[in-house]
Each structure stands twice: as structure tokens, then as C-alpha cells.
Amino acid sequence: MNKYQKLASNTIVLALGQFGSKLLVYVMLKFYTSMLGTDGFGDVNNIINASALLISVVTLSISEGVLRYGLDKGNSGKHVFSIGINVAVIGLVIFAAFVPLVGMIEMLKGYEWLMYMYVCTGSIKGICSIYVRARGHVKLFAIDGIITTVSMILFNLLFLGVFNMGVLGYVLSVSLGDLVSIIFVSANAKLYKQYRPLGNDKTLRNSMLRYSIPLMPTTVMWWIVNVSDTFMVTAIFGSGENGVYSFAYKFPNLAAIVVGIFLQAWHMSAITERNSRTISNFYSNVFNMMQTIMFVAVAGIMLILRPIIMPFFGSEGFEFAYFYVPCLLGAVLFQCGSNFMSTIYEASNKTSHSFVSSFIGAATNVVLNLILLHTIGVIGAAIATMISYMVVFIYRVIDTKKYLYMKINYRKVLVNFVLFVAMGASVMFLEYGLVQNVLNCVIFVVIVAINFRSAIEAVKLFLNKRSNNPNEAPESK
């Protein structure tokens, strides 16, 4: 199996395990919005987003080190896993003393210990799942994604539908879903036999921490770019407006899920193939595949946004959410490109450069939010997020050339983006009806046609058994 086929195999397995389960969450959106309302939906997203940040800070992003060093078969799996768990447990014990401070934030008040539970289960679940993926148990990782999602939904039906527990019930459901995942993965991968509380390799531990710690502030910066706008929207316009904005973000995230599954497989390939003689061609070809998938995916979402997505998923009070989606889709486009570029830093052990670029993005996001939210309203948050990710992507394209030359067809990317902007303007500003739908169909067909050749070349690469030969891997078009 060549490197392209290995990438495709891992992507397919991850997609089978995760995409269907993640779609279940979207099927449940109407249930969530009707049971929680705009205020409750906004509060849930603030709690989940704040907890995601805390997981990275509390654990020093050690899960990234578990993936990086777990993929290296020369390292002892027991030591890698044990170091990851030990760092997380120590962080969680220390964090317990600071939990009351979380309650001092008005929009999180009363949920601090619920968040602590979420951080505990999320931290351990993340390390267990990433470790089994790093050690080659991709199928187990994928099955775990299904079990986690189904468990969470069943708990949601119980706590929201039967007991009407609102925000508490939703967050509790996610935590219990993570707990089910921990038990399932530990039992099947026999992680309880691999954990060593003491006696782990100190040199390996130091290497993992040196790799992971710079990624922790990077995650903080990404959090500012990605979700700080929801807190600003809440502070300025209230939980109700944040609920509508957060609902709108769900559909760009669907595109991010499609590419995110691909990036999970790519992350593994980028690290394991980092010393390949054809690594430049490999990156160039894979980036071309990814941007093809991304532009077609976001165009497809906009095509069905008004006629299908909004009527099916939206409840009363969420009707205007479509207006924010195109800008947020643009943000996801550049986010995925930036995440792809970050693998160059990680494979080169230059994780501090990820921090610099994400800091620039975070600063841009905060400044633009402060300006735009007060001048043009909630749509300003979406525009600020898109511009911030665009800045990070451009910076990383320029900066990563120092470590790896990658050929990018900038003209094709620009044409795709111009067509995307035209489609977004149609969705936002044209009155919904026949004219809008026909125009969007035409633009979608043009985007597919532009990217069709790239898709054919990608298929050829995956089918070519000799593509590990440097002469056999064509450059991206």
C-alpha cells in the first residue's frame, strides 16, 4: 500500500466511523433547538467552548504529544500513554482548586462544577482515543466515535426529552458519552494493562512536553479566533442572539467535519512520511485534493442552505441564522487550510511557529470583533472570524516555505474563492426564490467543473501502486 493509498484507507475508515455519527448530531439539531430555545442553545455553546479551552490548558495539550510520539514505533507505547495520562491527571487535580474562579464569569456562573466534570472526562477520553489512533487502531478509533455519539444522543433524549433538564442535561449527556468512550476504548485496547503511574521514560516525557506545551498557547489563540466571538456576542447582544449565531455555525462546521476527518488521516501521514524523499510532492498533491473537497463541500452547503437545511433543522427564532452562514463557511475554508499548513510545523518540530501565527490571528480577531460588532452587528463576528483565518493562512503559506516547498495553484484557489463569494452574496442578499436557486445551481456546477480535473488526478494517485516512486507522483495542477 503506497502512502496515498494509506492516506485514503485511513480517511475511509475514519469517515465510516465518524461522519455518520456526527450526522446524527445534526439530525438532532431541531430537537436541541426546540428543547433549549435560543437562550439555552447559546448557554450550552458557551459552556462547551469554554470547556474545550480548559481541556487544552489544563492538560498542556499533551494529547498532541501522545499522537506525535505514539506514531513513532520506536517509542514504548506504554510510556507514551502513561505520560499522557499522568500529565492530564496532575493538571486536573490542580485545576480543581481553581474551579470556583470559573463561577466568577457571569455567563458561566452556576455551571462551574459541571464544566469540571466535562473537562475531566473530555481530557481522558481525548488521550485514550488519540493514543489508539496513533498506535494504528484506526478502526477502533472510528467505532469509538460512533459509540460516543450514539451514547450522547441517548442520554440527551433521556435528560432533555424525558426529564427536561435543559442546559444541565445536555452537558451531562456529553460528559457521560465521553465516559462510555473511555470504558469502551480501555476495554478493547486493554489500556489498563499499558498504564504505568511511575517509572516512565524521563527523556521521552521531556520531549513530549517540549513538543506539546507550545501548542497549548497556540490552542488558546485558536480558541480566541474560533469561539471568542460567541462570548462577545453574548456580552453585547445577549444569549438569544448568541444562540442564533451558534446555530448558524453548525453548518460551516459540517464542512469542517468533512475535511477534518481527512486531516486526521493526513496528520498521521504527515508525521510518518516526514523523511520521505518525495515529501514536497506529497504535500502539494494532498493540499490540492483537500482544497478541492473543501470548495465543493462549502458550495454544496450553500446550495441547499435556504431550500433544505433551514426548514429542516431550524426552529422558531432561528430563521435568520442563514445570513451568517456564508461568512462562517469562508472562515472554515481558511481554517482548514491553516490546519493543513500546521502539520508542516509539527512534522518539523517547529510548534512554536504555530503559536506566532495563531497569536496574529487572535489579535486580528479581537480587534475586528470590537470594531465590527459595534458597527454592523452580529454579522461582524462572522466577518472578523473569516478575515482572521485568512490572515493566519496567508502567514503560514509564506512562513512554511522555510521548512518545505509546496506548490499551490494560487490562480485556481482565487477563482474558487471568487465563485464562493458570489454564491455567498446570493444567499445573503437575494430574495429567496427561483432566481436565487438557479443562480446558485449554476455557480455550484462551475465550481465542480473547475475542480473535476483535480479529483480525477487524485483518483489516479490513489490507484497508482508505484506512486512511492518520486517519478510517479505528478505535481498538483
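The values are calculated or read from the model by the stated rules, or taken from the named source; none is laboratory data. Because the structure is predicted, anything quoted here is derived from the model rather than measured. Quick reminder, even Gly has a Cβ in these numbers, built from the backbone with ideal geometry, and neighbours come from all protein chains shown.
Some points to look at:
- Per-region count, the range 270-281, residues in contact with a helix residue (DSSP H, G or I) (Cβ under 8 Å, 6 or more places away or on another chain) and either at pLDDT 85 or above or more than 19 Å from T11 (Cα to Cα) (or both): 1
- Residues that are without any contact (Cβ under 8 Å) to a residue 24 or more places away in the chain and under 20 Å from P214 (Cβ atoms) within the range 357-397 comprise just one, A363.
- Count of residues meeting criterion [farther than 27 Å from N281 by Cβ and touching a helix residue (DSSP H, G or I) at 6+ places or on another chain (Cβ under 6 Å)] in the range 335-359: 3
- Among the residues of the range 389-423, those identified as within 19 Å of F323 (Cα to Cα) and within 22 Å of the chain's Cα centre (by Cα) are F417, F420.
- Residues (over 30 Å from the mean Cα position of the chain (by Cα) and modelled with pLDDT under 85) located in the range 437-474: N464, K465, R466, N469, P470, N471, E472
To keep it simple, each residue is scored yes or no on (1) closer than 22 Å to R68 by Cα; (2) buried (at least 20 other Cβ atoms within 10 Å of the Cβ).
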position: V332; (1), (2): no, yes
position: N339; (1), (2): yes, yes
position: G361; (1), (2): no, yes
position: N365; (1), (2): no, yes
position: G380; (1), (2): no, yes
position: I394; (1), (2): no, no
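- Test for A235: is it part of a helix (DSSP H, G or I) and surrounded by fewer than 17 Cβ atoms within 10 Å (Cβ to Cβ): yes
- Residue in the range 151-158 that is free of Cβ contacts under 8 Å to residues at least 40 places away in the same chain, outside any helix (DSSP H, G or I) and not polar (S, T, N, Q) present: no
- Being closer than 20 Å to L71 by Cα, under 23 Å from the mean Cα position of the chain (by Cα), touching a residue at least 40 places away in the same chain (Cβ under 8 Å) and assigned to a helix (DSSP H, G or I) is not true of K250.
- Residues in the range 185-205 that are free of Cβ contacts under 8 Å to residues at least 60 places away in the same chain and surrounded by fewer than 16 Cβ atoms within 10 Å (Cβ to Cβ): 9 in all.
- The range 188-233, residues that are of a type in the set (S, T, Y) and touching a helix residue (DSSP H, G or I) at 6+ places or on another chain (Cβ under 8 Å): Y192, Y195, S207, Y211, S212, T218, T219, S228, T230
- Residue match in the range 159-179 (condition: touching a residue at least 40 places away in the same chain (Cβ under 8 Å), at positive phi, surrounded by fewer than 17 Cβ atoms within 10 Å (Cβ to Cβ) and over 24 Å from the mean Cα position of the chain (by Cα)): yes
- Boolean, D72 is over 23 Å from the mean Cα position of the chain (by Cα) and under 24 Å from L154 (Cα atoms): no
- Hits in the range 286-316 (condition: in contact with a helix residue (DSSP H, G or I) (Cβ under 7 Å, 6 or more places away or on another chain), farther than 21 Å from L430 by Cα and not aromatic (F, W, Y)): V286, N288, M289, M290, Q291, T292, I293, M294, V296, A297, S315
- Failed condition for L53, given (1) surrounded by 21 or more Cβ atoms within 10 Å (Cβ to Cβ); (2) within 21 Å of Q264 (Cβ to Cβ): (1)
- Here M104 passes the criteria (1) of a type in the set (A, V, I, L, M); (2) in a helix (DSSP H, G or I); (3) without any contact (Cβ under 8 Å) to a residue 60 or more places away in the chain; (4) surrounded by fewer than 22 Cβ atoms within 10 Å (Cβ to Cβ) except the one numbered (2).
- A count restricted to the range 238-250 and to residues that are of a type in the set (F, W, Y) and surrounded by fewer than 20 Cβ atoms within 10 Å (Cβ to Cβ) stands at 0.
- Failed condition for S34, given (1) modelled with pLDDT under 90; (2) crowded, with 17+ Cβ neighbours inside 10 Å; (3) hydroxyl-bearing (S, T, Y): (2)
- Checking the stated criteria, V413 turns out not to satisfy the condition of being outside any loop (DSSP other than H, G, I, E, B) and without any contact (Cβ under 8 Å) to a residue 60 or more places away in the chain.
- Of everything in the range 280-312 that is touching a residue at least 24 places away in the same chain (Cβ under 8 Å), surrounded by fewer than 24 Cβ atoms within 10 Å (Cβ to Cβ) and farther than 30 Å from A270 by Cα, the residue that is farthest from the chain's Cα centre (by Cα) is P307.
- For the range 56-81, taking the residues that are farther than 27 Å from Y249 by Cβ and among the polar types (S, T, N, Q), the one that is surrounded by the most Cβ atoms within 10 Å (Cβ to Cβ) is identified as N75.
- Residue in the range 422-436 that is modelled with pLDDT under 95, outside any helix (DSSP H, G or I) and under 22 Å from F295 (Cα atoms) present: yes
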